[in-house]
Amino acid sequence: MNTYTTELKTERAMKDEFMARHPESPFVQGSIYDFRGLEYFPPNERLRVRAKLERIPEPKEAYLRTNRDGQSAMRWVGDLVFSVGGRALRLKVFHAGEGVGTSVFVPFRDGTSGRETYGAGRYLTLELNEADDYELDFNRAFNPYCAYTDAYECGFPPAENDLPVPIRAGEKVWSAERNPRTPSSAVIALLPPRPTPVKPAKRVAARPARARAPAKRKAPPRSPRGRTSRKR
């Protein structure tokens, strides 16, 4: 086992310890008691790639859709340009504003999303540097907290960050029951159900009463012909 693999396994063990016990863990705060350790792909050094950040002249305001059908305000700072398996790719990079320093946020989806990995997307974080040259290590891709519990709101990758290749590295999906196929289906799952419209009852037209034929009047009985009653 090389040094990189050892470091990666140590990081994952430390994250499991945090998730299982720390007061700020989504599992602790969400009272999820069946934590059994996060699931990962095996380390894959071919998915540690060099990337160059192509900055835009001025960061622009950007809004990422969230799992609560809201918007998360970000600053788009540029695009990471890299290749996987000889295929040229790019990802938009976002800065979350004051309080995060030089840390930037790279949300993405790929060919495993909605099946092997969380369907709404995974995250990578980087620290900006002056050279704008980075190691993009997909073995460190992780799930947002909303992958574990609905108590958290998280931003989804924009459509431009849907990679047309499978990235089998980093964190896998936590639970098949909590794995939406797409970001939109994650939002729909959280929205309150719409009331079922009540269909008006069909009105049955009353049948017109059938007119009854007048009853035939019986003729009074007649006396026998030629006979009269006489009182004697």
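The values are calculated or read from the model by the stated rules, or taken from the named source; none is laboratory data. Since we're looking at a predicted model, the values are computed, not measured. Because the Cβ atoms are built from the backbone with ideal geometry, glycine has one as well, and the counts that use them run over all protein chains shown.
Before moving on, here are some points about what is shown:
- Restricting the range 173-194 to residues that are in a loop (DSSP other than H, G, I, E, B) and more than 9 Å from Gly119 (Cα to Cα), the residue that is modelled with the lowest pLDDT: Arg194
- Residue under evaluation Phe105, criteria (1) at pLDDT 95 or above; (2) crowded, with 18+ Cβ neighbours inside 10 Å; (3) aromatic (Phe, Trp, Tyr), criterion not met: (1)
- Restricting the range 1-60 to residues that are aromatic (Phe, Trp, Tyr) and either without any contact (Cβ under 8 Å) to a residue 60 or more places away in the chain or in a helix (DSSP H, G or I) (or both), the residue that is farthest from Val165 (Cα to Cα): Tyr33
- Residue that is nearest to Leu124 (Cα to Cα), among those in the range 89-107 that are out of contact with any His (no Cβ under 7 Å at 6 or more places or on another chain) and aliphatic (A, V, I, L, M): Val106
- Test for Ala88: is it of a type in the set (Gly, Ala, Ser), crowded, with 16+ Cβ neighbours inside 10 Å, within 19 Å of Val106 (Cβ to Cβ) and at pLDDT 95 or above: no
- Any hit, the range 78-97, residues being among the aromatic types (Phe, Trp, Tyr), farther than 22 Å from Cys154 by Cα and not in a helix (DSSP H, G or I): yes
- Hits in the range 61-70 - residues which are in contact (Cβ under 8 Å) with a residue 12 or more places away in the chain and in a strand (DSSP E or B): Glu61, Ala62, Leu64, Arg65, Thr66
- Under the condition of being surrounded by fewer than 23 Cβ atoms within 10 Å (Cβ to Cβ), of a type outside the set (Phe, Trp, Tyr) and out of contact with any helix residue (DSSP H, G or I) (no Cβ under 8 Å at 6 or more places or on another chain), the residues counted in the range 109-132 number 13.
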